[in-house]
Structures are given as C-alpha cells and as structure tokens.
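The values are calculated or read from the model by the stated rules, or taken from the named source; none is laboratory data. Here the structure is a predicted model, which is why all the values come from computation and not from measurement. Cβ: placed from backbone, ideal geometry, glycine included. Neighbour counts: every protein chain shown. Protein only, heavy atoms only, side chains kept; ligands, DNA and RNA dropped before computing areas. Shrake-Rupley method; radii C 1.70, N 1.55, O 1.52, S 1.80 Å.
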Amino acid sequence: MQRQRFLFAALGLLTLWRWALLPTLELSPDEALAVFRVKHGQIGSFFEMGPLVPLLARLGMLFGGEGEFGVRFFAPLLALAASLAIWRLMRGLFDEQIAGWAVVIVNVLPAFNLAAVTLTPATVMFALVPVAALCLRIALLHANPLHWGWWAAAACVMGSVLVQPPALSTMAAVALVFALPKRLRHHLHGSGFVVIVAAWLVAVLGWFIWQWGNGWPFFSSGRCLPEWRLIPNLLRWIVLASPLLLGLFVIAARAGFAQATLMSHRSLPLAMLLPLAGIDFLYGPNEPWPDMGGAVWTLFGAMLLAHRGMVTDRIAVEEKISLRTIAIVLAALQSAFLLQTDLPRTLGLPWRFSQRSGIATDYLRIVSADPSSSMRGWRESAKLVAGVLQKAEGRESWFVLASDWPLAVELDHYLGQTESVRSVQDDLGAFTGRSAIFVTDDFDAVEPPEAVRARFEGFEVLSVARIMHAGNEVRWLKIFACHHGRKPDS
C-alpha cells in the first residue's frame with residue numbers, strides 16, 4: 001500500500017512537471033491547425049483530424065490563455081487519466097504490484113511522454129483507448145447486456161473516430177478482445193457489442209459525409225495508402241518505444257500469445273495490442289511529428305511486459321531487476337532527449353534540423369536530423385511576415401497566402417491577426433482584386449508556383465530569410481508580393 005501511495009504522488013508531481021514543459025516548445029502544425037479551427041469557427045471540420053482535438057484546445061485556452069500552455073492545458077491531465085485507467089485495469093486483471101509496474105513503464109515511454117506535453121490526436125488517443133479497455137473489462141464482469149460499461153466503451157470508440165478517423169484500429173482491437181479468447185466469442189453477437197459497433201458506424205458515417213461534401217481530401221491526399229517499407233516503420237518504433245523496451249514487448253507478446261485463446265479477460269491487453277500495432281506499423285510513418293496517435297499500442301505492450309516480468313521464472317530475480325532497471329532508465333533518458341532535443345546542441349554537438357514535416361523519411365534520417373523543426377522558429381517566422389506587412393500597409397489591401405496548410409496555420413496563430421491566413425489549396429474567389437503577401441518555406445523556390453502566379457497580375461520578391469534556432473537552420477522563408485488578384489477564369 002505504501003508503494004501505491006508513492007506511485008500516485010509521483011504521478012501528481014509528474015503531471016506538474018509536464019505542465020511546466022508546455023510553454024517550452026512552439027505549437028506544431030497539428031496544434032496550430034486545432035487553434036485555427038477554433039479561431040475561425042471550423043471546429044466541426046474533419047480536415048487532418050477530428051473535431052475533438054480543437055474542442056479540447058478551445059477548453060484549454062479558457063483556463064490557460066491562448067499561448068502554448070493554454071492550447072496544451074489538457075495534455076498532462078489526459079496522460080494522468082491514461083495512467084490511472086491502466087493502473088485500474090491491471091489491478092483488476094492481475095494485482096497492484098503488476099499494475100504499478102505497468103504505470104511506471106508507460107510513463108517512461110518516449111511516445112507517451114511526447115503525447116503528454118503536446119495536444120495532437122495522439123494525446124487524446126492515449127487516453128481514450130485504455131479507458132475503453134477498462135470499460136470493456138468492467139462490462140464483461142456483469143451479466144447485464146446493457147451495463148453502463150458497454151455504453152462508456154462505445155463512447156470511447158466514437159470519440160476515437162472524432163479524434164483520428166476512421167479509428168479502424170480501435171474498432172478492430174475492441175472486436176479482437178471478444179474474438180481472441182474462445183470463452184468470450186459469444187459476446188460478438190451480444191447487444192453490448194452491437195452498441196459499440198453502432199456508435200462507431202455513426203461517427204464514421206459523419207466523417208464520410210464530411211469527406212463527400214469536401215471533395216474526399218483524405219483519399220485524394222494518399223493518406224489511405226500504407227507505408228510498405230520496413231526500415232521507416234521499424235525505426236519509428238525504436239524512436240517511440242526505445243530499443244530495449246521494444247524488444248521486451250515482442251518477447252512478452254509472444255509469450256502471452258501461446259495461451260491467449262484459452263484465457264478470457266486476461267487476454268485483453270494482447271487482444272488490444274495486436275490490431276493497434278499492426279495498423280500502426282503500416283500507417284504510422286505517415287503521421288507528422290509529434291503526432292504519434294497510432295503508437296497507443298505501446299501502452300498495451302507495457303501492460304504485457306509488466307505482467308511477464310513479474311511471473312516469469314526463467315531468469316534469476318537479480319537479473320530480472322537489473323534488466324528492468326536498465327530498460328526503464330534508457331527509456332526515460334530517450335524520453336527526456338525527445339522532449340528537449342536542444343540537449344546535444346547545448347553540449348556543442350552539431351545536429352541539424354530536418355527540413356521535412358515528420359513523415360516517413362524523417363525516421364530514416366532521425367540520427368542526422370532533428371524532427372522537432374516542426375515546433376521551432378514559427379514565432380520568428382511570424383515576426384518577419386508582420387514586418388513585411390507593416391511596410392506594405394497603406395498602399396493596398398493585403399492578405400497573407402501560404403504555400404501549404406501547415407505554414408498557413410502557424411503564421412495565422414503567431415501573427416494574431418483577425419483575417420485568416422490562407423493556403424494555396426483554399427478557394428481564393430473572395431480575394432479577387434486584392435494583393436497578397438505570398439510566403440513559402442520551399443528552399444528552391446525562386447517565384448510563386450504557377451497556380452499562384454495565374455491568380456495575380458504580377459509578383460516581386462520582398463524578402464528572403466533564414467530562420468535559425470540555437471545556431472542551426474530551421475527553415476528558409478521566401479516572401480513575395482503578388483499584385484491585384486484575378487478572377488479564377490480570367
């Protein structure tokens with residue numbers, strides 16, 4: 001009991017420490033997109049993420065202001081909720097000691113710590129999925145086919161769609177909870193499971209309707225296509241789970257799989273892990289840094305490892321303690337490194353920033369390039385654009401046009417102006433006759449792209465700037481004046 005009280009006190013202190021870290025990094029494009037949708041009345045949109053993340057950003061800003069702290073206000077609280085749900089689930093499945101170790105392992109995972117100090121789909125998924133698993137276990141313990149646990153699990157599954165549509169991995173994981181052990185398969189025909197499926201289908205239908213009304217952006221962007229290359233997938237898992245813990249997860253999952261079909265409730269962590277890990281392996285590398293929503297499977301890997309580490313008798317107790325300590329310490333150090341990637345630079349070690357937005361190629365270059373460039377230099381970039389706007393003020397009615405949506409939402413947030421920053425993918429029909437300040441971070445750009453030049457009578461270069469952080473180049477910004485917007489058909 002004393003150890004459990006210490007665990008809960010440590011979780012409270014860890015939450016306070018994570019709150020202190022929230023303002024240390026600028027908003028990532030996903031976070032800035034959530035703020036953009038709040039600011040411009042687009043919370044119901046499903047572009048790049050579901051509406052639940054912008055809603056949490058809105059609520060957070062009510063408590064913590066409109067800066068980074070307010071936007072991310074709920075991130076440490078959601079991490080705390082996930083930790084408590086895991087403790088309650090593992091205590092029910094096994095005992096308090098295994099539950100405590102599961103919580104410790106979870107809270108040193110790099111992916112979990114990254115989600116705990118940012119507000120991306122990963123942040124919410126890391127809370128919703130373990131809560132759904134806990135609700136499923138509670139429902140299974142009661143004979144009532146419409147126990148509140150079924151409805152709570154259905155709400156979590158629906159929430160997953162509203163965070164990271166279509167949440168296919170979450171629904172597959174819930175289904176496997178009943179399909180894997182033979183003694184639970186009759187629940188696949190029960191009313192409780194039907195409630196969960198119905199909630200998922202309703203949310204997916206809303207997502208499909210939005211996609212249909214907006215030209216199917218999810219499918220046209222290619223995000224529905226998996227990443228088949230083995231190396232980016234494997235490197236991503238090493239980065240997010242740490243090498244030693246990842247190997248131990250595999251061993252624990254393999255050991256638990258032998259008797260999974262004969263178990264009932266105790267097979268739940270393995271049943272949740274398999275679909276989540278399988279789909280994340282194929283689609284996870286396409287997620288931009290720091291959004292690692294698909295890596296929620298690592299929580300269930302930690303649960304399996306905590307159990308296996310306590311019950312196995314194949315290695316001596318002293319060796320078991322040493323291995324566990326080394327794995328936890330290495331994962332904690334890797335977490336600290338990912339949260340503060342400036343550490344090598346403060347030691348005088350050169351480590352350039354990645355010029356990509358966090359997609360699969362960044363994992364191929366993770367050793368040579370820092371992926372946190374997506375959270376650096378935006379405030380300085382906005383100051384540069386604001387200076388250009390101030391010089392141009394009074395001549396014409398200017399609006400700001402960015403080369404893509406990540407740059408647009410970042411500039412929109414840090415400029416703080418009322419009129420939204422537009423991207424080249426937006427409909428610019430309402431801006432006919434107005435001139436634009438066009439901003440791009442394309443290093444090779446010597447003029448605006450053809451699609452932009454066709455909409456204006458002429459252009460000129462206003463500024464070329466190199467955005468730096470800690471003595472390292474983050475990005476190049478090139479700013480053009482595009483004069484007198486034309487009608488689309490002219």
**OP:** Tally the residues that are open to solvent by 70 Å² or more (accessible area, probe 1.4 Å) and of a type in the set (Lys, Arg), restricting the search to the range 454-490.
**Re:** 3
Original post:
Is it the case that LEU77 is open to solvent by 10 Å² or more (accessible area, probe 1.4 Å), among the hydrophobic types (A, V, I, L, M, F, W, C) and closer than 24 Å to ALA302 by Cβ?
Top reply: yes
**OP:** State all residues of the range 191-202 that are closer than 18 Å to LEU52 by Cβ and either open to solvent by less than 30 Å² (accessible area, probe 1.4 Å) or in contact with a helix residue (DSSP H, G or I) (Cβ under 8 Å, 6 or more places away or on another chain) (or both); if no residue qualifies, say none.
**Re:** ILE196, ALA199, TRP200, VAL202
Subject >> The one condition in (1) farther than 23 Å from PRO406 by Cβ; (2) assigned to a helix (DSSP H, G or I) that VAL108 fails to fulfil >> reply: (2)
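State whether one or more residues within the range 382-389 are hydrophobic (A, V, I, L, M, F, W, C), closer than 30 Å to PRO166 by Cβ and either open to solvent by less than 60 Å² (accessible area, probe 1.4 Å) or at pLDDT 90 or above (or both).
Within the range 382-389, none of the residues are hydrophobic (A, V, I, L, M, F, W, C), closer than 30 Å to PRO166 by Cβ and either open to solvent by less than 60 Å² (accessible area, probe 1.4 Å) or at pLDDT 90 or above (or both).
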**OP:** Look through LEU16, LEU33 and report the one residue that is closer than 17 Å to ARG379 by Cα, hydrophobic (A, V, I, L, M, F, W, C) and not in a loop (DSSP other than H, G, I, E, B).
**Re:** LEU33
**OP:** Specify the residue that is farthest from the chain's Cα centre (by Cα); the eligible residues are those in the range 115-138 that are of a type in the set (Val, Ile, Thr) and part of a loop (DSSP other than H, G, I, E, B).
**Re:** VAL117
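Which residues, taken from the range 398-415, are open to solvent by less than 10 Å² (accessible area, probe 1.4 Å) and either under 11 Å from ARG379 (Cα atoms) or not in a helix (DSSP H, G or I) (or both)?
We begin by selecting, within the range 398-415, every residue open to solvent by less than 10 Å² (accessible area, probe 1.4 Å); these are 399-402, 407-412.
Within the range 398-415, PHE399, VAL400, LEU401, ALA402, GLU410, LEU411, ASP412 qualify.
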Subject >> Number of positions in the range 332-349 that are outside any loop (DSSP other than H, G, I, E, B) and under 19 Å from ASN107 (Cα atoms) >> reply: 8
**OP:** Taking the options TRP151, TRP101, name whichever one is under 26 Å from the mean Cα position of the chain (by Cα) and more than 29 Å from PRO290 (Cα to Cα).
**Re:** TRP151
Original post:
Scanning the range 169-185 for residues that are β-branched (Val, Ile, Thr) and at pLDDT 95 or above, which turns out nearest to LEU276 (Cα to Cα)?
Top reply: THR170
Original post:
Mind checking whether some residue in the range 254-274 is open to solvent by less than 50 Å² (accessible area, probe 1.4 Å), free of Cβ contacts under 8 Å to residues at least 40 places away in the same chain and among the small types (Gly, Ala, Ser)?
Top reply: no
Subject >> Out of LEU188, LEU225, LEU162, LEU205, sole residue that is modelled with pLDDT of 90 or more, under 28 Å from ILE43 (Cα atoms) and exposed (fewer than 15 other Cβ atoms within 10 Å of the Cβ) >> reply: LEU205
Original post:
For TRP101, all conditions in the list (1) surrounded by fewer than 24 Cβ atoms within 10 Å (Cβ to Cβ); (2) modelled with pLDDT of 95 or more hold save one; what is the number of the exception?
Top reply: (2)
**OP:** Please tell me if VAL439 is aliphatic (A, V, I, L, M) and under 29 Å from the mean Cα position of the chain (by Cα).
**Re:** yes
Subject >> Options PHE112, PHE46; residue that is under 30 Å from VAL409 (Cβ atoms), under 18 Å from the mean Cα position of the chain (by Cα) and open to solvent by 10 Å² or more (accessible area, probe 1.4 Å) >> reply: PHE46
**OP:** Scan the range 38-81 residue by residue and report those that are part of a helix (DSSP H, G or I) and in contact with a Ser or Thr (Cβ under 6 Å, 6 or more places away or on another chain).
**Re:** ALA75, PRO76, LEU78, LEU80
Original post:
Which of (1) aliphatic (A, V, I, L, M); (2) assigned to a loop (DSSP other than H, G, I, E, B); (3) surrounded by 13 or more Cβ atoms within 10 Å (Cβ to Cβ) is the odd one out, the single condition VAL446 does not satisfy?
Top reply: (3)
Original post:
Of all residues in the range 279-290, which are in a helix (DSSP H, G or I) and either crowded, with 23+ Cβ neighbours inside 10 Å or without any contact (Cβ under 8 Å) to a residue 24 or more places away in the chain (or both)?
Top reply: ASP280, GLY284, PRO285
